[in-house]
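The values are calculated or read from the model by the stated rules, or taken from the named source; none is laboratory data. None of these values were measured; they are calculated from a predicted model. A quick note on method: Cβ atoms are made from the backbone with ideal geometry, for glycine too, and the neighbour counts reach across all protein chains shown.
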Amino acid sequence: MIYDGINLEHKYPGLIIELNRDVKPPMRLVDITHINGRSGDIVADENAYSDAELEYSAYLRVFNEFDRTDDLSRLIVDLSKGKKCELIDKRDNDRIINAILTGYSHKRKGIWPTLAEHLQFTFTCDPYSRSGTTYKIPLNSSADVVRNLGHRRAHFVLKGKVTSATNRLTISIPDANEQLVLINAFRAGDAFEIDSEKHFATINGYNAMKYVSILTDFFDLPKGASHFNCENWTGTIEYREMYLIG
């Protein structure tokens with residue numbers, strides 16, 4: 001569990017966290033309209049899923065009865081901050097789940113030296129988890145293939161260099177009708193970076209948002225195979241696939 005940027009298992013030696021076996025998959029979101037006097041309802045699929053809820057059991061072994069109170073109090077203070085956290089599912093290829101702690105309970109079991117502090121965590125989570133594998137694919141020509149085998153589009157970071165002078169730098173996947181255009185006097189060797197999740201672009205390390213054409217927009221990596229248009233640039237794309245929890 002990564003909470004407030006800190007791995008709690010490293011901060012509290014002896015803390016064991018396990019996901020409860022009974023995980024309810026996220027519910028598909030649909031809009032149902034009932035019309036009086038007609039049989040059947042109108043069902044509109046929203047092509048999305050509700051947030052998931054995950055429950056984790058944990059216990060903190062007590063190796064010294066005098067340290068128990070301090071360790072537990074620090075842990076509870078950490079958990080009461082209410083910030084977002086990341087859960088790493090070690091049983092499923094280290095997939096990362098974005099979550100918000102919505103509740104926890106605490107019970108003390110045993111007597112020293114077998115004393116342990118037992119906790120129950122409840123999280124509200126994004127219905128999708130991120131793959132624990134980071135893919136880095138070089139893009140040198142439009143023949144290069146980027147494969148996203150996840151269940152939805154994936155955020156990506158594209159780092160590249162301009163190969164020839166141009167006034168228009170196009171980052172696009174023609175087959176998916178996706179396009180982001182930067183309008184500027186580019187020179188060969190200029191470096192650029194595109195972050196699809198943050199909707200942010202830089203040129204030579206500087207904010208380049210004013211150069212983003214208003215006729216285009218940031219986009220995520222589609223599912224399946226994609227061919228980027230590499231005209232006037234080369235680079236490397238970095239991404240993690242997204243998988244539906246459950």
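Out of all the residues in region 50-98, which are modelled with pLDDT of 75 or more and of a type in the set (Phe, Trp, Tyr)?
TYR56
When you go through (1) over 30 Å from ASN20 (Cα atoms); (2) hydroxyl-bearing (Ser, Thr, Tyr); (3) surrounded by 15 or more Cβ atoms within 10 Å (Cβ to Cβ) one by one for SER141, which number turns out not to apply?
With (1) over 30 Å from ASN20 (Cα atoms); (2) hydroxyl-bearing (Ser, Thr, Tyr); (3) surrounded by 15 or more Cβ atoms within 10 Å (Cβ to Cβ) applied to SER141, the lone miss is (3).
Given the residues ILE203, ILE214, ILE237, which is the only one that is in contact with a strand residue (DSSP E or B) (Cβ under 8 Å, 6 or more places away or on another chain) and closer than 13 Å to LEU182 by Cα?
ILE203
Out of the residues in region 29-49 that are within 29 Å of ILE88 (Cα to Cα) and either loosely packed, with under 13 Cβ neighbours inside 10 Å or aromatic (Phe, Trp, Tyr) (or both), state the one that is modelled with the highest pLDDT. So that I can check it myself, show each step before the final result.
Taking region 29-49 first, the residues within 29 Å of ILE88 (Cα to Cα) are 29, 46-49.
So of that shortlist, the ones also either loosely packed, with under 13 Cβ neighbours inside 10 Å or aromatic (Phe, Trp, Tyr) (or both) come out as 46-49.
Values: GLU46: 75, ASN47: 77, ALA48: 84, TYR49: 89.
Among those that are within 29 Å of ILE88 (Cα to Cα) and either loosely packed, with under 13 Cβ neighbours inside 10 Å or aromatic (Phe, Trp, Tyr) (or both), it is TYR49.
Restricting to strands (runs of 3 or more DSSP E) lying wholly in region 1-61: which have 3 or more residues that are in contact (Cβ under 8 Å) with a residue 24 or more places away in the chain?
Answer list for region 1-61: 15-19, 52-61.
For region 196-246, what are the residues that are of a type in the set (D, E, K, R), touching a residue at least 40 places away in the same chain (Cβ under 8 Å) and not in a loop (DSSP other than H, G, I, E, B)?
GLU238
Pull up region 121-136, narrow it to residues that are in contact with a Ser or Thr (Cβ under 9 Å, 6 or more places away or on another chain) and surrounded by 17 or more Cβ atoms within 10 Å (Cβ to Cβ), then point me to the one that is modelled with the lowest pLDDT.
Applying the filter and picking the extreme gives PHE121.
Quick grid of which residues meet (1) within 29 Å of ALA52 (Cβ to Cβ); (2) modelled with pLDDT of 90 or more; (3) assigned to a loop (DSSP other than H, G, I, E, B):
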| residue | (1), (2), (3) |
| --- | --- |
| TYR104 | yes, no, no |
| LEU119 | yes, no, no |
| ASP144 | no, yes, yes |
| VAL157 | yes, yes, no |
| ARG168 | no, yes, no |
| ASP175 | no, yes, no |
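Filter region 185-232 down to the residues that are surrounded by 15 or more Cβ atoms within 10 Å (Cβ to Cβ) and on the phi > 0 side of the Ramachandran plot and list them by number.
If the condition is that a residue be surrounded by 15 or more Cβ atoms within 10 Å (Cβ to Cβ) and on the phi > 0 side of the Ramachandran plot, then ASN232 is the only one that fits.
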